[in-house]
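Asks: Take a look at the following structure, please.
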Amino acid sequence: MNYYIHPLSEVKTNNIGADTRVWQFSVIFPGAKIGKNCNICAHTLIENNVVVGDNVTIKSGVYLWDGIHIEDNVFIGPNATFTNDKKPRSKQYLETYPTTLIEEGASIGANATILPGLTLGKFCMIGAGAVVTKSVMPYSIVAGNPAKVIGRVNHD
């Protein structure tokens, strides 16, 4: 075992890459795939149909629901919120969940909300508190509610 799991977390997957750290009060379901050299902070949850790439940082208070795919070198700020059902109802479950793709190098600010089935392009930046209702083009900077492009990232 070349990764660290805090004893106060509940990790059921065996698919965790080398040098990844999972901190206390985290829950990771058996079907989740976690890359190498990731930092999964305290008070996080990762469901079964979730893929996390290499070198990903997931800050505290983030829940990754079925259908979320995160590529390498992504930063997800504290309490960023993901959804996977556009029309949720109590005790009604989708047969399959839409795929939300976070492409390489994207950064998501604290308390941003990401609606289901979107793509956040390579190296984009999502401002803190943004509500992302549409896919974001690579290298774009978005902020606000609903999130709108306010600039461009000029390098990786």
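Asks: Out of all the residues in region 40-50, is one or more in a loop (DSSP other than H, G, I, E, B), at negative phi, surrounded by fewer than 16 Cβ atoms within 10 Å (Cβ to Cβ) and in contact with a Leu (Cβ under 6 Å, 6 or more places away or on another chain)?
Replies: no
Asks: OK, next. Considering only region 122-137, how many residues are more than 16 Å from A80 (Cβ to Cβ) and in contact with a Leu (Cβ under 9 Å, 6 or more places away or on another chain)?
Replies: Residues in region 122-137 being more than 16 Å from A80 (Cβ to Cβ) and in contact with a Leu (Cβ under 9 Å, 6 or more places away or on another chain): 2 in total.
Asks: Any idea which of (1) under 19 Å from V22 (Cα atoms); (2) among the hydroxyl-bearing types (S, T, Y); (3) buried (at least 21 other Cβ atoms within 10 Å of the Cβ) is the one S60 doesn't satisfy?
Replies: Checking S60 against (1) under 19 Å from V22 (Cα atoms); (2) among the hydroxyl-bearing types (S, T, Y); (3) buried (at least 21 other Cβ atoms within 10 Å of the Cβ), the one that fails is (3).
Asks: Given the options S90, S135, S140, S107, name the one that is within 14 Å of the chain's Cα centre (by Cα), at negative phi and among the small types (G, A, S).
Replies: Going through S90, S135, S140, S107 in turn, the sole match is S107.
Asks: I need the full set of residues from region 130-156 which are surrounded by fewer than 16 Cβ atoms within 10 Å (Cβ to Cβ) and outside any strand (DSSP E or B), in order please.
Replies: T133, K134, S135, M137, G144, N145, P146, N154, H155, D156 - these are the residues of region 130-156 that are surrounded by fewer than 16 Cβ atoms within 10 Å (Cβ to Cβ) and outside any strand (DSSP E or B).
Asks: Quick check on my filter: what residues within region 1-32 are over 16 Å from F75 (Cβ atoms), surrounded by 19 or more Cβ atoms within 10 Å (Cβ to Cβ) and either in contact with a helix residue (DSSP H, G or I) (Cβ under 8 Å, 6 or more places away or on another chain) or not hydrophobic (A, V, I, L, M, F, W, C) (or both)?
Replies: S26
Asks: OK, next. Out of L120, L94, which single residue is modelled with pLDDT under 95 and either within 25 Å of L8 (Cα to Cα) or not basic (K, R) (or both)?
Replies: Result: L94 is the single residue among L120, L94 that is modelled with pLDDT under 95 and either within 25 Å of L8 (Cα to Cα) or not basic (K, R) (or both).
The values are calculated or read from the model by the stated rules, or taken from the named source; none is laboratory data. Nothing here was measured: the structure is a model prediction, and the numbers come from that model. No Cβ is skipped: glycine too gets one built from the backbone with ideal geometry, and neighbour counts run over all protein chains shown.
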